[in-house]
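The values are calculated or read from the model by the stated rules, or taken from the named source; none is laboratory data. Worth saying up front: this structure is predicted, and the values here are computed from it rather than measured. We place every Cβ from the backbone using ideal geometry, glycine too, and count neighbours over all the protein chains shown. These accessible areas exclude ligands, DNA and RNA; they are computed on the full protein's heavy atoms, side chains included. Shrake-Rupley method; radii C 1.70, N 1.55, O 1.52, S 1.80 Å.
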Amino acid sequence: MIKAINHLAISTPDMDRSISFYRDLMGMQLVSEGPFEGRLYDNILDLKQAKGRATMLRLGEAQLELFEFSNPRPKPSTLDRPVCDHGITHLCFEVEDIDAEYERLSAAGVCFHCPPQDAGFARATYGRDPDGNVFELLELLDDGR
């Protein structure tokens, strides 16, 4: 029986920049950080001679794992990958005051698709991390779950 989603993982070309973004700007807690390599990782990741750094961050019950591969060399992705392309399209951060978070993150240089929009039950906007990965800020209105 599947119990829960434990974490989401993102591969990044710059671990320090990604840690700074998710820890310092998004408020996640750094749980672990260190190198990885060896047969265990080769088997799990289905790669040959996988090597790099891995970091785990936490916010509430959610965890985000970051990978920075030194081997094999990853293919770069585009910073403007459309959310309609197949694959994971975004991760969502629930916030209390979307306007304040939007202003704070915008002032820190974070790019957003648009200002917060009213969807009736919630207000939302999409932004991009330094690698172009999309995240959503979501403020639920009147406990719109």
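Worth pointing out:
- Of the set (1) open to solvent by less than 90 Å² (accessible area, probe 1.4 Å); (2) in a strand (DSSP E or B), all apply to D99 but (2).
- Any chance T55 is under 19 Å from the mean Cα position of the chain (by Cα) and within 15 Å of I10 (Cβ to Cβ): yes
- For the stretch 102-132, the tally of residues that are out of contact with any helix residue (DSSP H, G or I) (no Cβ under 9 Å at 6 or more places or on another chain), under 17 Å from P82 (Cα atoms) and surrounded by 12 or more Cβ atoms within 10 Å (Cβ to Cβ) stands at 5.
The rows are residues; the columns are (1) touching a Gly at 6+ places or on another chain (Cβ under 7 Å); (2) not in a loop (DSSP other than H, G, I, E, B).
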position: T78; (1), (2): yes, no
position: P82; (1), (2): no, no
position: H86; (1), (2): no, no
position: C92; (1), (2): no, yes
position: E103; (1), (2): no, yes
position: C114; (1), (2): no, no
position: G120; (1), (2): no, no
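- Within the stretch 22-71, restricting attention to residues that are outside any loop (DSSP other than H, G, I, E, B) and without any contact (Cβ under 8 Å) to a residue 12 or more places away in the chain, the residue that is least open to solvent (accessible area, probe 1.4 Å) is D42.
- Taking residues in the stretch 104-120 that are over 16 Å from Y22 (Cα atoms), and partners anywhere that are of a type in the set (S, T, Y), the pairs with Cβ atoms closer than 7 Å and at least 6 places apart or on different chains are H113/T125; H113/Y126; C114/T125; P115/Y102; P115/T125; P116/Y102; P116/T125; Q117/T125.
- Considering residues of the stretch 84-96 that are closer than 26 Å to G27 by Cβ and at pLDDT below 90 only, the residue surrounded by the fewest Cβ atoms within 10 Å (Cβ to Cβ): G87
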